[in-house]
Structures are given as C-alpha cells and as structure tokens.
Amino acid sequence: MTALLEIRNLQKHFPVRGGFLRRVVAQVKAVDGVSFKLEFGKTLGLVGESGCGKSTLGRAILQLQKPTGGQVILEGEDLTAASPARLLEMRREMQIIFQDPFASLSPRRTVAQTIREPLEVHHIGTPAERNRKVEELLQVVGMRSNVLDRYPHEFSGGQRQRIGIARALALNPKLIIADEPVSALDVSVRAQVLNLIAGLQREHGIAFLFISHDLSVVEHVSDHVGVMYLGKMVELAPAKEIYRDPRHPYTQALLSAVPVPDPKRKSKRIVLTGDVPSPMNPPPGCPFHKRCPKVMDVCSKVVPPVVDVGSADKPHRVACHLHS
Amino acid sequence: MSGQPLLRVRDLVVEFSTEHGVVRAVDRVSFDVFPNETLGLVGESGCGKTVTGLSILGLIPSPPGRIAGGSIQLDGRELVGLSESEFRRIRGRDVAMIFQEPMTALNPVFTIGSQMTDVLRRYKGLTRRQARAAAIELLAKVGIPAPDRRIDEYPHQLSGGMRQRVVIAMALSCGPKLIVADEPTTALDVTTQAQVLEQIVKLQQEFRMSMILVTHDLGVVAETCHRAIVMYCGRIAEKAEIGPLFGAPRHPYTVGLLESIPRVGVHEKEDLAVIPGMVPDLLHLPRGCRFADRCSRRQARCEEALPELDGDDESVTRVACFHPYERMS
C-alpha cells in the first residue's frame, strides 16, 4: 500500500543576515533532513521541545513555508514541484488546525462565514448547498446551528477550537495537520476536543499529523510517534513501542521528565543538564551529544545514521551511535 | 503538618468590578499553610487560584479589584487592610513571589547582578561587595553554571530556564518564610521544567520555607506538594493531602479532572473520560453548587443550595459537596 504522505529528506533552512551589507552569515536549520511516511487514516505524533522544528515541519509539508530541500509526496505527487494552481487544488486534501483558537479565527467573520470560506475558495456547491454543509459541519463538531451568526469573541477557547476543526473539515481532507491543537485549553475541555479528533478519525478516516510538546497527549492520540531534536528526527516508532522501550537517550529523558499525577509513582528521573543549543550553530556530530548522559567519543564527531532496531511489522528507527 | 500555621486565610473574598457587574473571583476561601510545607492550589483558568496567591502579597490591582472580606494572617499578623508602604516592607522579606513568565519579572535594561544586589543592599543592609558575593552564592544555589560570569549578563542573554532560576534566586535572597509561586514552570519545556522543579523542592527543604504552588498541572502537584486545594469557580472544591487526593479523590470535579488526563505509559487509543459542558460564567453563577450542571452525581439539592466544606480540621480530606465519593477506610 502506498502511504498517504511521504516526506523524504525534508529541509527548511532560514538564512540569517547580518553585517553592513545584510549578507547571509548563517543558516538556521529548523528542519534538517527529516523522512517519514504517514498511512491513510492513521495518526503520527510529533513531539519535541520548543525550537526543535516540529511546527516548521508541519508548515513545510503544507508548503506554507517553502522547503529548501527534499520532497513532500502526497498520494504519489510531489508538492514541492507542483505549480501554484495545482498546489491550490491539492490543498483540498490537507488542512491545518492551529494552536491558538484566539488568533486563528478572524474576529470580523461570523462562524458561518469562517466555516464557509474554504468552500468558496474552492468553488464547491451552490450557496444553498454551502449553507447546508456548514450546518452539517457544526453538528459534526458538536455545536448547535444557532451559533451561525455569532462572532468568535462570544465563544470559549474550546468552542473556538471546534469552529477551527469544522473549518478544517469543510473540504473533506484526507490529512489534517494539527499544530498543538489542545495546548491552549484547560484540562476538562482538552479531553472533549481530543475525543472529538479521535472520533473524526474513526468516522471519516482522516490521517492526522499531531504536533505537540505534551507527550502524554501525543501518546494518547497517535499510532506512531516521532521525536524531534534540533531539526532532526531522532526516533520514530509505533506509539506503544516508543513509550514502552524508548531507545534514544533524549526520548528516555523526555519521557522521564513528564510530571505524573500519581504521588506513589516515584520515577527514576533522568534530569538533563544544560539547555537546547541554538539551531544556528548546532554542535557537530550528534545534535544531542552535549546533554547526553551516555555520550561517547564518536558522538561529537560523526552524525549518527538512522538505523532500524525494530522488527518487520514494527519498525523502530533511531539515530544514535549506541545502536549503530 | 504540625504546630501553628504560618499563614492562615479565612473566608477570603476578592471581587473585581467589570463593565457588566461585580465578579467574585474568590468566594470565602479558607486554608492554612504550615511551616516547611508546600501547598498546591490547582484548578482551571478562572478558578481563582492566581487571585488567591496575589492577595497574600497585596498585589490585587485596585481598582478594579478589592479584597471584599475575610482575613489573611501571616505569623499572626493581619495582612488585609495594610497600606502599600506596609506591604512593601513585607514583600520580599517575609513573602516572595515567583511569576510564570520570568522576563516580566526581570528588568531588561539592568544586569542580573545589579537587580539582585539592589534587593540585598536595601533589605539586608549589605555593602556593594558583600551583596555581590551573596548574589553569586545564590545563583550557584539555584544551579546556574559559572555564576561569577553570569551575574554580569542581561536577562536576554539567558535561556528561559536560566531566567526562571534567577527569579527564584531573587525570591530567595531575603530569606522569606513563604514563597508564592504562580505557574513557575508552565512557560518552560518538559526537560527544563524537570530541572527547575527539582531545584525548587531542594531549596524549599534547604531554606525551610513554606510554599504555595499555583498550577493547572496535576502532575506538578503530585510531584512537589504535600497538600493541595482544588478550586472551581472561586471556591474550594476539595482540600486534601496528596496521597488521598490522588488515591481517593472525593469531589466529583477532582475525580473528573484526574480521569480526563491522558497518562504517559498507559497507551489506550480510547476516548478519555470527559467532564461535559463548560465552566459557568462568573457573572451568571447558578444558585446551587457551581459544578452541578456538569456533575454526574447531581441531585435536586445540588441545584438549590451551595455546599460548604465539611469541616475546618485539615488533618483529613475536606470536600464541599453534598454527594461526595466515599472516604477510603
């Protein structure tokens, strides 16, 4: 089976200009050679700390920010080579949900206008059909149709996120990139939105790329999980495997750092020293070697290759010299 | 939890006047903080946890806010009604505050050293040289590498985690008896959060301080606090020691909160338990229990009357609910 989405060696470098002539003095390698596949109707969780490149990766896939290298293949077609007109057509298949439900909805548009917009952009249906579709979408995300003519400021964060989800669903996409969709929400509302997303996937077979810094949320929603550090994917495995048996020292530290709401569980915590280095001048060799508790000589010299330590049905890719 | 409480809050009421009417953000909240204890204040946005913390330091912006009733006693001294200049003598020396966003607590145009030594010289009467030495020692205590160099840097030169450590060092600098920490690690990444929390727990024991930790994260509470208060809509829902709070929660809201968190290491791609509905608007509160319309154990009485905490004695779990879950025996 071909995958819905395949990313090959994707790069997004941002030039840093400085000096009198504003010459390019350095490159921020926000995404640096990431590859993965996402199957139809599945969820890939992307985790990492701020600045690891996970959001940039999401935007580069949608071509909201043009990748500087590599390929994004959606249903066999390379988006990086597509013409602007073709790209617009292909955008029907992939939508995005943003983190901040306060910033991602226009304050001047009613709920109906917001949700209808993608249908208008893509010239789908007659005005009457569009209105019917909007009402249907509101029902799908669990809102009543009496909110159609209201404005975003009249809603709570959770409700706004539902409106954003309804907008993303308007074109029946096959892929939704959800960039921290529940991070701005309170615990009790967060569970409601997570269940909504899970239900949509079951009923409509939508694949999700779920980007989050929250490891427990990612574990809950994902089939596979990728861990990013300084623009690179350091580990990628089935969700169950990565939490049961994390292989990369960074993944191990990240998992052990999550505070657990159970006072009886006294976990062995791996506390890392130091901070994430600047992606402008990442250390040579393995990007994690300066903070790694298991660092070896080779780590500061050679970039670790990606190796598969899993089995045929459960691939488990890790980029670490301990396993190569 | 023994002896006299260091802080005694009784029937605290804080109100804010808004365009649409008076909002009661904190409604008759009572609790004690004992020496060397960390008390967690947990709840979702708008539950009144931060406002409770701010009122202890006299930091409620007035207007629009005001303490409309109740008492806050620190070591037997009443704080409600103190003037701004009286509060200024208490802040820093007796009670210090750590805010969520370290950049707002630090002045960007002064070096860390000058901000720290200012405080030390004013409150402790140290000379310039003594203050600098003391500041370097404090920076080392909170785990800042090369403190003798870092002290001459500006806040923007430090990472988020380092900045929060500096803020913690400043809060500690006059040896307060009580620290109010409002979401001290919420702006930090998980691995940095783990470092800073570990440091906070260590320092709290070393300096023998009491601490009020305001947070929305039940995981942080479980790992750092001795007791915790769960707040909902300005009122205390449940007040308990950490063991019973997580092992045998009694208020339906606490139970709902705990069930709705996905947990690391428990991989089930199933639906999470959900608390239906939303937090009510503080301007249009129901007559009865504020959690009633979201509660699975609701009965007629819950919509008629507002439940109060079932007692003052803090040695057992206290709950404000007409139909709480059973106490574990």
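Using the Cα atoms of the range B:242-311 to build a convex hull, what is its mean projected area in square nanometres? Walk me through the intermediate numbers first.
Working: hull surface 25.9 nm².
Mean shadow area of the hull around the Cα atoms is 6.5 nm².
PRE reach from A:Y151 (point 7 Å along Cα→Cβ): which of the range B:5-40 fall under 18 Å by backbone N? Under 18 Å, as judged by backbone N against the label point of A:Y151, lie B:19-20 of the range B:5-40. Exposure proxy shown here: for B:D75, B:D313, the number of other Cβ atoms within 10 Å sets the order, fewest to most, as B:D313, B:D75. Toward the positive end of the charge dipole of chain A, with +1 on the Cβ of Lys and Arg and -1 on the Cβ of Asp and Glu, the farthest Cα among A:H204, A:T56, A:I124 is that of A:T56. Neighbour counts of other Cβ atoms within 10 Å put B:S17, A:S83 in the fewest-to-most order A:S83, B:S17. Paramagnetic label reach from B:T18 (point 7 Å along Cα→Cβ; backbone nitrogen cut-off under 11 Å): within the range B:210-242, no residues. Multiplying the residue separation of A:T110 and A:N281 by 0.36 nm and removing their Cα-Cα distance gives an extension gain of 57.0 nm.
Counting only DSSP beta bridges whose two residues both lie in the range A:118-266, roughly 55 percent are antiparallel. Can you classify the range A:1-90 as rounded, prolate or oblate using the Cα gyration tensor, where a ≥ b ≥ c are the square roots of its eigenvalues, rounded means a/c under 1.5, and otherwise it's prolate if a/b beats b/c and oblate if not? It comes out oblate by the Cα gyration axes.
Largest first and in whole Å, what are the equivalent-ellipsoid semi-axes of the range B:111-202 based on the Cα gyration tensor, each being the root of 5 times an eigenvalue? Each step should come with its number before you reach the end.
Values: eigenvalues 97, 46, 22 Å².
The answer is 22, 15, 10 Å, longest axis first.
Relative contact order, percent, of the range A:125-221 when contacts are C-alpha pairs under 8 Å separated by at least 6 residues? Please report the intermediate quantities before stating the final value.
Values: 74 pairs, mean separation 25.0, N = 97.
Relative contact order, the range A:125-221: 26 percent.
DSSP loop trypsin sites (Lys or Arg not before Pro) in the range B:200-229 with at most 16 other Cβ atoms within 10 Å of their Cβ, which ones? Sparse-neighbourhood loop trypsin sites (Lys or Arg not before Pro): B:R208.
Convex hull over the alpha-carbon atoms of the protein assembly as shown: what's its volume per residue in Å³? Intermediate values should be presented prior to the final figure.
Values: hull volume 122.7 nm³, N = 653.
Roughly 188 Å³ of hull volume per residue.
Local charge sum around A:V134 (other residues, Cβ-Cβ under 15 Å, Lys/Arg +1, Asp/Glu -1)? Walk me through the numbers before you get to the answer.
Details: positive: A:R109, A:R116, A:R130, A:R132, A:K133, A:R144, A:R150, A:R162, A:R167; negative: A:E117, A:E120, A:E129, A:E135, A:E136, A:D149.
Net charge in that neighbourhood comes out at +3.
Residues whose amide H comes within less than 5 Å of that of A:I177, counting only those at least five positions distant or on another chain, are A:Q95, A:I96, A:I97, A:L209 (H built at 1.01 Å from N in the peptide plane). Springs between alpha-carbon atoms under 10 Å, Gaussian network over chain A: tell me which of A:A85, A:A207, A:A103 tops the mean-square fluctuations. Comparing A:A85, A:A207, A:A103 in a Gaussian network model of chain A, the most mobile one is A:A85.
Order of A:L322, B:L309 from fewest to most other C-beta atoms within 10 Å? Present the calculation step by step, with values, prior to reporting the outcome.
On the way: A:L322 15, B:L309 19.
Going from least to most buried by this count: A:L322, B:L309.
By the Cα gyration tensor, the range A:211-274 has an equivalent ellipsoid whose semi-axes, rounded to whole angstrom, run 19, 15, 11 from largest to smallest.
Enumerate the residues in the range B:152-177 having an amide nitrogen under 17 Å from the point lying 7 Å beyond the Cα of B:Q130 toward its Cβ. Backbone N within reach: B:173-175. Taking chain B as a Gaussian network, where each spring joins two C-alpha atoms under 10 Å apart, which residue of B:V109, B:V221, B:V316 fluctuates the most? Maximum fluctuation in the GNM of chain B, among the listed residues, is at B:V109. For the range A:141-216, just say rounded, prolate or oblate: build the C-alpha gyration tensor, square-root its eigenvalues into a ≥ b ≥ c, call rounded for a/c under 1.5, and beyond that prolate if a/b exceeds b/c, oblate if not. Because a/c hits 1.5 or more and a/b fails to exceed b/c, the range A:141-216 counts as oblate. In this model, which of A:K232/A:K290; B:K141/B:K202; A:K29/A:K54; A:K37/A:K290 are farther than 19 Å apart at the alpha-carbon? Correct reply: A:K37/A:K290. When you filter the chymotrypsin sites (Phe, Trp or Tyr not before Pro) in the range A:5-52 for DSSP loop state and at most 12 other Cβ atoms inside 10 Å of their Cβ, you are left with A:F20.
Phi angles of the range A:162-167 translate, via the Karplus equation with coefficients 6.51, -1.76, 1.60 and θ = phi - 60°, into HN-Hα couplings of 5, 5, x, 5, 4, 4 Hz per residue; Gly and Pro are given as x. Ordering B:T38, A:Q159, A:N9 by the projection of their Cα atoms onto the charge dipole of the protein assembly as shown, which places +1 on the Cβ of Lys and Arg and -1 on the Cβ of Asp and Glu, puts A:N9 at the extreme positive end.
Above 13 angstrom, tally the Cα pairs of the range B:24-71 and express them as a % of all pairs, no decimals.
Working: 688 of 1128 pairs.
The share of Cα pairs beyond 13 Å in the range B:24-71 comes to 61 percent.
Sequence-distant contacts, meaning Cα pairs under 8 Å at least 6 residues apart, place the relative contact order of the range A:11-121 at 18 percent. Take the Cα of B:R89, step 7 Å toward its Cβ, do the same at A:I124, and the gap between the two points is 7.0 nm.
Dipole check for the protein assembly as shown: with +1 at the C-beta of Lys and Arg, -1 at the C-beta of Asp and Glu, and the Cα centre as origin, the magnitude is about 1580 Debye. Counting only DSSP beta bridges whose two residues both lie in the range B:7-232, roughly 50 percent are antiparallel. As a ratio to 2.2 N^0.38 Å, the alpha-carbon radius of gyration for the range B:7-232 is 1.01.
The relative contact order of chain A, computed from alpha carbon pairs under 8 Å that lie at least 6 residues apart in sequence, is 20 percent.
This model, with +1 at the C-beta of Lys and Arg and -1 at the C-beta of Asp and Glu, gives the range B:7-232 a dipole about its Cα centre of some 920 debye.
Is the shape of chain A best called rounded, prolate or oblate, per the rule: a/c under 1.5 gives rounded, else a/b larger than b/c gives prolate, else oblate, with a ≥ b ≥ c the square roots of the Cα gyration tensor eigenvalues?
On the way: a/c = 1.84, a/b = 1.50, b/c = 1.22.
Because a/c hits 1.5 or more and a/b exceeds b/c, chain A counts as prolate.
Expressed as a fraction of 2.2 N^0.38 Å, the rule-of-thumb size for a compact globular protein of N residues, what is the C-alpha radius of gyration of the range B:212-329? Intermediate values should be presented prior to the final figure.
On the way: Rg = 14.6 Å, N = 118, 2.2 N^0.38 = 13.5 Å.
Cα Rg divided by the expected 2.2 N^0.38 Å: 1.08.
Considering only beta bridges that DSSP places wholly inside the protein assembly as shown, some 60 percent are antiparallel. Charge tally around A:A257: other residues with Cβ under 9 Å, Lys/Arg +1 each, Asp/Glu -1 each, net 0.
Think of each Lys and Arg Cβ as +1 and each Asp and Glu Cβ as -1; about the Cα centre, that makes the dipole of chain A roughly 740 debye. Chymotrypsin sites (Phe, Trp or Tyr not before Pro) within the range B:17-114: which are DSSP loop residues with at most 16 other Cβ atoms inside 10 Å? In loop regions of the range B:17-114 (DSSP not H, G, I, E or B), the sparsely surrounded chymotrypsin sites (Phe, Trp or Tyr not before Pro) are B:F110. One Cα centroid belongs to the range A:187-255, the other to the range B:185-252; the line between them spans 25 Å.
A Gaussian network model of chain A, with springs between Cα atoms under 10 Å, assigns the largest mean-square fluctuation among A:R247, A:R22, A:R144 to A:R22.
Taken together, the values in this text are just the output of simple stated rules run on the coordinates, not laboratory data. Since this is a predicted model, take the numbers as computed values, not measurements. Don't worry about glycine lacking a Cβ; one is built from the backbone with ideal geometry, like all the others, and counts go over all protein chains shown.
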